[in-house]
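This report concerns only the one structure given below.
The values are calculated or read from the model by the stated rules, or taken from the named source; none is laboratory data. The shown structure was predicted, so the numbers you read here are calculated from the model rather than taken from an experiment. Every residue, glycine among them, receives a Cβ derived from its backbone with ideal geometry; neighbour counts consider all protein chains shown.
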Amino acid sequence: MKFTGGYNILPDGKPDGRVTVMPEPEALFLPLKSARFHFSELCVKDGESVNGGDTLAKDPDNFDVPLLCPRTGTVSLEEVEGHIVLRDISCKGESVWEADDEEVAHIEQKVGAGGLKRFKMVSLGAWEYFSDAFSGDLPDPLSVPQAIIVSAVSLDPFVVRGDVQLKNNLSRFTRGLEHLQTLLKYQPIYLVLPAVKSDFASKVRDMIRGYAWVSVIEVPVKYPYDNLTLIARKLGLKRSDGPVWGLRAEGVLAVDTALTLTKPCIERIISVGGPGASHATNLKLTVGYPTEAIIKEYCKDKPVVTINGGMLAGSDLADGGRGVTSECRGITFCMEHVDREFLGWLRPGFDRKCYASCFMSAIRIPFSESYSNAVRGEDRPCVSCGFCEDVCPSGIMPYLIHKYLYADLIEEAASARVDLCIQCGLCSFICPSKIELSKEFSDAIDLIEQEKEEERKAAEAEAKRVAEAEAKKASEFEIMES
Amino acid sequence: MKFVYRIFEKVRPTFEEGGKLSLIHPLYEAIENFFFAPAAVSIGAPYGRDPLDVKRYMTAVIIGLLPCVLAAFYFYGLRFLPMIIVSYGAGFVVELLFAIVRKEKIAEGFLVTGLIFPLVLPPTIPLWMLAVGVMFGVCIGKELFGGTGRNIFNPAIVGRVFLALAYPSQMSGEVWVKPGHGILGRVLDYVTIKTPTGPDEGVMATVVKFFSVNADGVRSFFTVEHIEAITSATPLGLAKKGEFIDVMRLAIGEVTGSIGETSGLMVLCGGIFLLITRVANWRTVVSILLSAFIMAFALHQSNPEKFASPTWHMFAGGLLFGAFFMATDPVSSPNTNGGKYVYGILIGAVAMLIRNFGAYTEGVMFSILLGNIFAPVIDEIFFSIRIRRLKNEE
């Protein structure tokens, strides 16, 4: 596979390989909304006591993906808006999935043995780890994918790494892969590993040596080559040939949990790190774990910005609500920019890493930089330096699309394939004119989608009108005839 | 630096909306942001940003020009200082006027234009002419198109072409001063082509009478040291007559020419710095030099008597300076990488054609202007190829 573009930034606060188990919190705040899901169909009542593994709510738009109850406790619906709050928590009584035989038989009869497995994955919370590699949406559990991409690499600084997820879990990982294979007929599973020599990578290779149906793909350790959309595209997979399921290492473990142990997947490992973190590490916790407690424990006292995900592609943690969402892979603390630096652009800059080697840091060996959320410059018109095209992994021309969008030429932007943007954020990161390219692009993609949707609706309405008119005509004709 | 910031805080209301001097807010803003990085923070992902901004980007070009600037002081003396000041001053006035009228910010592009412009002129150019040239270049070549980032021509080249066409006698002929040499060169001289001017003879006579001192001593004390320039033809001018100067002398800078292009080695020093920092794109530079070299080589092979050797062409005149500092201007050169090759080949080939067959002795300036004209067309072609290729991507 040939990759283009990409760029590694190295902020301070890289998480170590250890996993810390977080202490049980007083209450869990389960957000009803996350980036992909909106659990609008509530299954519990206020004040009801629930067991770990129970379904609290469902997302009717996403194949009834459940919001599982992580612990035994009492539900409170009114306390915080947009959240289900779980109080009086205890670890006891975590239920193993036990549908009665009759129901199982019923489901099996309806959807077959493979369907039962899929049903189990959805209802035990493993399905939310899956995403369609092209669109990023939740795939249909009953669909047949043309391929599955399993990525054990994560390069966004900093979200939890694949080797941290898989540590001591390698046998479960291979078992999960086997389960995945049983869902397929002859379609391939691509396993993405980093192209570096490490004990971990060679161990994984040893484990899957016998599996002819797994083809290993090695990607260079350069952000964002771990992106599932990018890998699917580089593999030459076509959207029209059916969905491509993408999942990461933790997803395979979840599949194993759901299908071998038939237990709900409620434990999660996320990373905490970044320049503002007092101690960068990985945390084992459940969905709904109060973010306040994490911030209190792992954040320096300085003003920081908390990011849900990595520095380059994450989102504001506060937008996600008060608890860790099911899609959170890491929390990054970035320094809040306060000082206005005196003559910053004239400094030699031994401590600031620059893509274009315009600072003295170019003569240093790689080092980690303490990033703040400052834009570090004034916004200017594009000077056509071409750095955005150099780093773009999708092979589009960000500066050209920017110029089109600046002139409101949406159609031209669409033909320059703004939709290929994978929102890695590198162009915005690098731009010396400080143009918010990736935000512009995501807005443009939304606008184009919206226009398409409207067109589709208009066409439908038109077709309906024509059909009605014809029916009316026919009926009038009939009346006349009679 | 707290106290400096406090001063800014204090005077800021005067320049903001409703203040007495709100008209020149762009000027205030430019000065404030010159000293203190703006407070803006990123609104979404990515949260950190690369430290490079346009100020630093332009500063890198200025650092790249430093060897040429230092060499200019060495070769042509102190007169270069007022030239730089006039160039910056006149360019800045135009920039500021446009910023006020448009209610936009002052962009940093003129920092480079203002320094490049005196470097591409003959050392004896009258200062008022330099001011007219830079104003014309910035106004017509850049601001009319919408300012830095939107211009199609390199403003410095527009200004120089304007001067070359409007004032041919001050831009060619007996204007080329022999560069200084030795340990100090002309570092302490002020070179003009005027004869030395001394104090008024009437005043002189009174002074001599009053103090009863030696007249010659007074005269030499009060006479401003105007060194009369020894002019001579440029190597390109000599080449038209079939006389080729040794390449080593060209590289070191023992020959006449525009201020910045005198020493090929100095241009190379700064130019390579620009390539390393990625501020200048290597594709443009390499393709210009390579196409010029191949063209010159072919001509030289056909008739060594008439056409100079390719290495001679590399170091003679403004080819190196143009290739490293003027053609690489990212705004006026093509954006696509493929386009940069085509653009470079065009410039190199046209420059060699003008030099060897044209009426003008130097063709780099015109060839870059021609390249600027073609750049959008070249880009359009490469864009359409790229977009066609992207069409079938998933």
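One residue alone among B:F80, B:F98 is within 14 Å of chain A (Cβ to nearest Cβ) and over 26 Å from A:G344 (Cα atoms), and that residue is B:F98.
For region B:19-65, which positions are surrounded by fewer than 19 Cβ atoms within 10 Å (Cβ to Cβ), of a type in the set (G, A, S) and more than 9 Å from every other protein chain (Cβ to nearest Cβ)? Correct list: B:G19, B:S22. Out of curiosity, is A:T74 over 30 Å from A:V391 (Cα atoms), free of Cβ contacts under 8 Å to residues at least 40 places away in the same chain and not basic (K, R)? Criteria met by A:T74.
Filtering region A:284-318 down to residues that are away from chain B (no Cβ under 14 Å) and assigned to a loop (DSSP other than H, G, I, E, B), which residue is surrounded by the most Cβ atoms within 10 Å (Cβ to Cβ)?
Of all residues in region A:284-318, those away from chain B (no Cβ under 14 Å) come to A:284-302.
Keeping just the survivors that are assigned to a loop (DSSP other than H, G, I, E, B) gives A:287-289, A:300-302.
Numbers: A:V287: 25, A:G288: 30, A:Y289: 25, A:K300: 14, A:D301: 7, A:K302: 13.
Filtering first and then ranking leaves A:G288.
Per-residue answers, yes or no, for (1) touching a residue at least 12 places away in the same chain (Cβ under 8 Å); (2) assigned by TED's automatic domain parsing to the domain that holds B:L65; (3) more than 18 Å from B:V61 (Cβ to Cβ):
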{"residue": "B:S309", "(1), (2), (3)": "yes, no, yes"}
{"residue": "B:D329", "(1), (2), (3)": "yes, no, no"}
{"residue": "B:P334", "(1), (2), (3)": "yes, no, yes"}
{"residue": "B:K340", "(1), (2), (3)": "yes, no, no"}
{"residue": "B:Y360", "(1), (2), (3)": "no, no, yes"}
{"residue": "B:L369", "(1), (2), (3)": "yes, no, yes"}
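For region A:385-396, taking the residues that are surrounded by fewer than 23 Cβ atoms within 10 Å (Cβ to Cβ) and over 23 Å from B:I43 (Cα atoms), the one that is farthest from the other protein chains (Cβ to nearest Cβ) is identified as A:D390. Restricting region A:424-438 to residues that are facing chain B (nearest Cβ under 8 Å) and outside any helix (DSSP H, G or I), which is farthest from A:D226 (Cα to Cα)? Of everything passing the filter in region A:424-438, A:S433 is farthest from A:D226 (Cα to Cα). Within region A:373-382, the set of residues being within 7 Å of chain B (Cβ to nearest Cβ) and either within 27 Å of A:P11 (Cα to Cα) or assigned to a helix (DSSP H, G or I) (or both) comprises A:N373, A:A374, A:V375, A:R376, A:G377, A:E378, A:R380, A:C382.
Residue selection: A:F441 fails the criterion of being within 7 Å of chain B (Cβ to nearest Cβ), under 22 Å from the mean Cα position of the chain (by Cα) and aromatic (F, W, Y). Just one of the listed residues (A:G236, A:G210, A:G246) is free of Cβ contacts under 8 Å to residues at least 40 places away in the same chain and within 14 Å of another protein chain (Cβ to nearest Cβ), and it is A:G236.
With touching a residue at least 40 places away in the same chain (Cβ under 8 Å) and either basic (K, R) or buried (at least 21 other Cβ atoms within 10 Å of the Cβ) (or both) as the only criterion, which of B:L268, B:L274, B:L290 stands out?
Working: B:L268 fails: either basic (K, R) or buried (at least 21 other Cβ atoms within 10 Å of the Cβ) (or both); B:L290 fails: either basic (K, R) or buried (at least 21 other Cβ atoms within 10 Å of the Cβ) (or both).
None of the other options fit; the residue is B:L274.
Remark: A:D419 falls outside the filter, which requires a residue to be farther than 17 Å from A:M397 by Cβ, within 14 Å of another protein chain (Cβ to nearest Cβ) and within 22 Å of the chain's Cα centre (by Cα).
Condition test on A:I401, is it part of a helix (DSSP H, G or I) and either more than 11 Å from every other protein chain (Cβ to nearest Cβ) or out of contact with any Ser or Thr (no Cβ under 6 Å at 6 or more places or on another chain) (or both)?
Values: part of a helix (DSSP H, G or I): yes; either more than 11 Å from every other protein chain (Cβ to nearest Cβ) or out of contact with any Ser or Thr (no Cβ under 6 Å at 6 or more places or on another chain) (or both): yes.
When the stated conditions are applied, A:I401 passes them.
B:V364 - would you say it is modelled with pLDDT of 95 or more and either more than 18 Å from B:D379 (Cβ to Cβ) or over 16 Å from the mean Cα position of the chain (by Cα) (or both)? No.
Residue by residue, here is whether (1) at pLDDT below 90; (2) β-branched (V, I, T); (3) within 22 Å of the chain's Cα centre (by Cα); (4) surrounded by fewer than 16 Cβ atoms within 10 Å (Cβ to Cβ) holds:
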residue: A:G210; (1), (2), (3), (4): yes, no, no, yes
residue: A:V219; (1), (2), (3), (4): no, yes, yes, no
residue: A:Y225; (1), (2), (3), (4): no, no, yes, no
residue: A:L228; (1), (2), (3), (4): no, no, yes, no
residue: A:P243; (1), (2), (3), (4): no, no, yes, no
residue: A:E250; (1), (2), (3), (4): no, no, yes, no
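Does B:P123 qualify as being outside any helix (DSSP H, G or I) and either surrounded by fewer than 19 Cβ atoms within 10 Å (Cβ to Cβ) or in contact with a helix residue (DSSP H, G or I) (Cβ under 9 Å, 6 or more places away or on another chain) (or both)? Yes: the conditions hold for B:P123. Selection within region A:320-345: residues that are within 13 Å of another protein chain (Cβ to nearest Cβ) and in a loop (DSSP other than H, G, I, E, B). The member of this set that is surrounded by the most Cβ atoms within 10 Å (Cβ to Cβ) is A:H337. Exactly one residue out of A:S357, A:S361 is at pLDDT below 90, out of contact with any His (no Cβ under 7 Å at 6 or more places or on another chain) and facing chain B (nearest Cβ under 7 Å), and it is A:S357.
What are the residues in region B:331-362 that are surrounded by 21 or more Cβ atoms within 10 Å (Cβ to Cβ) and within 14 Å of chain A (Cβ to nearest Cβ), if any? Hits for region B:331-362 are B:V331, B:S332, B:S333, B:P334, B:N335, B:T336, B:G339, B:K340, B:Y343. Determine if region B:239-247 includes at least one residue that is out of contact with any strand residue (DSSP E or B) (no Cβ under 7 Å at 6 or more places or on another chain), buried (at least 17 other Cβ atoms within 10 Å of the Cβ) and either at pLDDT below 85 or not in a loop (DSSP other than H, G, I, E, B) (or both). Yes: one or more hits. State all residues of region A:125-145 that are in contact with a strand residue (DSSP E or B) (Cβ under 6 Å, 6 or more places away or on another chain) and either without any contact (Cβ under 8 Å) to a residue 24 or more places away in the chain or not in a helix (DSSP H, G or I) (or both); if no residue qualifies, say none. If the condition is that a residue be in contact with a strand residue (DSSP E or B) (Cβ under 6 Å, 6 or more places away or on another chain) and either without any contact (Cβ under 8 Å) to a residue 24 or more places away in the chain or not in a helix (DSSP H, G or I) (or both), then A:G125, A:F130, A:S131, A:A133, A:P139, A:P145 are the ones that fit. Scanning region A:29-86 for residues that are of a type in the set (S, T, N, Q), surrounded by 20 or more Cβ atoms within 10 Å (Cβ to Cβ) and over 30 Å from A:S143 (Cβ atoms) yields a single hit, A:T72.
Given the condition part of a loop (DSSP other than H, G, I, E, B) and more than 18 Å from A:D12 (Cβ to Cβ), answer yes or no: does some residue in region A:357-369 qualify?
Filtering region A:357-369 down to residues part of a loop (DSSP other than H, G, I, E, B) leaves A:357-359, A:364-368.
Keeping just the survivors that are more than 18 Å from A:D12 (Cβ to Cβ) gives A:357-358.
Yes: one or more hits.
Here is a yes/no grid of residues against (1) surrounded by 16 or more Cβ atoms within 10 Å (Cβ to Cβ); (2) modelled with pLDDT of 90 or more:
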position	(1), (2)
A:C424	yes, yes
A:C427	yes, yes
A:A444	yes, yes
A:L447	no, yes
A:E451	no, yes
A:E455	no, yes
A:K464	no, yes
A:I479	no, no
